[in-house]
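The values are calculated or read from the model by the stated rules, or taken from the named source; none is laboratory data. Because the structure is predicted, anything quoted here is derived from the model rather than measured. Cβ: placed from backbone, ideal geometry, glycine included. Neighbour counts: every protein chain shown. Note: areas computed on protein heavy atoms with side chains; ligands, DNA, RNA excluded. Shrake-Rupley method; radii C 1.70, N 1.55, O 1.52, S 1.80 Å.
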Amino acid sequence: MSEHFLVTGGQRLEGEVSVGGAKNSVLKLMAAALLAEGTTVVTNCPDILDVPLMADVLRGLGCEVELEDSEVRITTPAEPKYHADFDAVKQFRASVCVLGPLVARCRRAVVALPGGDAIGSRPLDMHQSGLRLLGAHSEIEHGCVVAHADDLHGANIRLVFPSVGATENILMAAVLARGETVIDNAAREPEIVDLCNMLNQMGAKVSGGGSTTLTIQGVRKLEPTTHRVIGDRIVAATWGVAASMTRGDVRVRGVNHKHLGLVLDKLRTAGAEVTPEVDGFRVVQRERPKAVNFATLPYPGFPTDLQPMAIGLAAVAEGTSMITENVFESRFRFVEEMIRLGADARTDGHHAVIRGVPVLSSAPVWSSDIRAGAGLVLAGLVADGVTEVHDIFHIDRGYPRFVENLRGLGGIIERVSTE
Ligand code: UD1
């Protein structure tokens, strides 16, 4: 049995929506719990499928994990297991973030490779070369990353690209290494800052979070802590873009608007009135959105995770937009589905040119990943008729209470089971 959404277009979104903790933060914070013996508590966890999946990965490593409402309690033993097998990690790619903590804590790790991804190949070469510079041997053997280190020591590491995952794994290994590590060209995403803050609460010595250079003084031991996950800027921006596309009026709560500086500026260029608020922001769009160019880049650039929403906005904007994808090479695959909905779109390499049309036209479409799925629902909101969005398990991996939230804003959406 699978499920799909029926989305009825034509409604203006209005009202208030709250977002939970960031998916791309919570999974790494849960992995960081491996670094300290005892009970670590992570609060403001989003109600998404990836959180129980990560809990299973940690259980497989010998942790006790309790999930209750928006809180996860992870009790890490004195000697965690170091083997995350294929059954545990196959369902989601973020599980690879246990690699750094395991190398730090057990001095060895075997983490199965999660396999391909619809948005493009996601190699681990930077994760591995960083760990090697810290003194770990790291190879791919029989479908697993195998790493071990007799002596984990500080190093100067320059990333060739500010990879989020590589920065996190190297950082989580370096906190328990002997001496000083400097990571240059580090990722600057707010989720990295969140991780640095939690590690420092645990007794780590990390400085420079949010800048291109992270400096880590290794310590011998970390202590468990309680930490609140930052709000999910990608979910928040999804609702902001939806407001703009539907000429709506939406107040988004539970997120730091400063994490969305460029995104909110782009909505302003599209003609929206965007007001930053203490705990979020408000987007009011009165006229048809105007065309906007987007180029995805590492933070503080425009997030690749919002590229499908940007295409949705461009698809109904007045004028022609150019969208450039600089982070994941296959992310434009989803444009085929947008064309099925009547978007006038053409891609060439990592560029897409979209000529806006006044209204899209409903059709059955298939999600290929979390963000593409959400982008297709947004497109369904501005399509004539009822759009069927299939493979919605992707959306459930990243968007808590998606249907309830959208309905709360006046959207017409139904979850339907397919036999
Ligand atoms: C994280 C996010 C994902 C987001 C992405 C970029 C999580 C769980 N996922 O993914 O939602 O879209 O950041 O903001 O946090 N690369 C290499 N070699 C490596 C590592 C990465 O070539 O060793 C390449 C990737 O193929 C990709 C680019 O670097 O083209 C960016 O990847 P990265 O920043 O590592 O993304 P993730 O951490 O996988």
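Ranked by the mean number of other Cβ atoms within 10 Å of their residues, highest first, the peptides 150-157, 103-110 come out as 103-110, 150-157. Out of every Cα pair in the chain, what percent are spaced more than 29 Å from each other? Counting pairs separated by more than 29 Å, the tail of P(r) holds 44 percent. Reported to the nearest whole Å, the Cα centre-to-centre distance from the stretch 151-197 to the stretch 250-265 is 27.
Computed with a 1.4 Å probe over protein heavy atoms only, the accessible surface of the chain comes to 39 Å² per residue. Counting only alpha carbon atoms, the long axis of helix 50-60 and the longest principal axis of the chain meet at about 20°. Per-residue 3J(HN,Hα) values for the stretch 214-220, derived from phi via the Karplus relation 6.51 cos²θ - 1.76 cosθ + 1.60 with θ = phi - 60°, read 9, 10, 10, 9, x, 10, 7 Hz in sequence order (x marks Gly and Pro). Over 20 Å apart at the Cα level, from the set LYS81/LYS221; LYS23/LYS221; LYS28/LYS266, are LYS23/LYS221; LYS28/LYS266. Sorted from greatest to least, the principal axis extents spanned by the alpha carbons of the stretch 269-376 come out as 37, 31, 23 Å. Measure off, as a whole percent, the carbon and sulfur share of the 1.4 Å-probe accessible area of the chain, all protein chains present. With neighbouring chains kept in place, the figure for the chain is 47 percent.
Relative to the Cα centre, the charge distribution of the chain, modelled as +1 at Lys and Arg Cβ and -1 at Asp and Glu Cβ, gives a dipole magnitude of about 920 debye. In the stretch 96-197, Cα pairs under 8 Å separated by at least six residues give a relative contact order of 30 percent. Look at the alpha carbon pairs under 8 Å that are at least 6 residues apart: their mean separation over the length of the chain gives a relative contact order of 21 percent.
Can you tell me the orientation of helix 190-201 relative to the chain, as the angle in degrees between its alpha-carbon axis and the longest Cα principal axis, to the nearest 10? The two axes meet at around 30 degrees. Of the Cα atoms belonging to the stretch 169-272, the radius of gyration and Dmax stand at 17.6, 55 Å.
Relative to the longest principal axis of the Cα atoms of the chain, helix 164-174 runs at roughly 20 degrees.
The spacing between the stretch 8-57 and the stretch 273-311, judged by their C-alpha centroids, is 22 Å. The order of the peptides 62-74, 282-294 by mean Cβ neighbours within 10 Å, most packed first, is 282-294, 62-74. Dividing the alpha-carbon radius of gyration of the stretch 211-323 by the rule-of-thumb value 2.2 N^0.38 Å gives 1.27. Think of it as helices only: each DSSP H run of n ≥ 4 in the chain is worth -39500 (n - 2.57), and spread over all residues that comes to -8500 deg cm²/dmol at 222 nm.
The candidates LEU133, LEU222, arranged from most to least accessible area with a 1.4 Å probe in the full protein assembly, appear as LEU133, LEU222. Here, P(r) means the percent of Cα pairs in each 10 Å bin from 0 to the largest distance; for the stretch 1-137 it is 11, 36, 31, 14, 6, 2.
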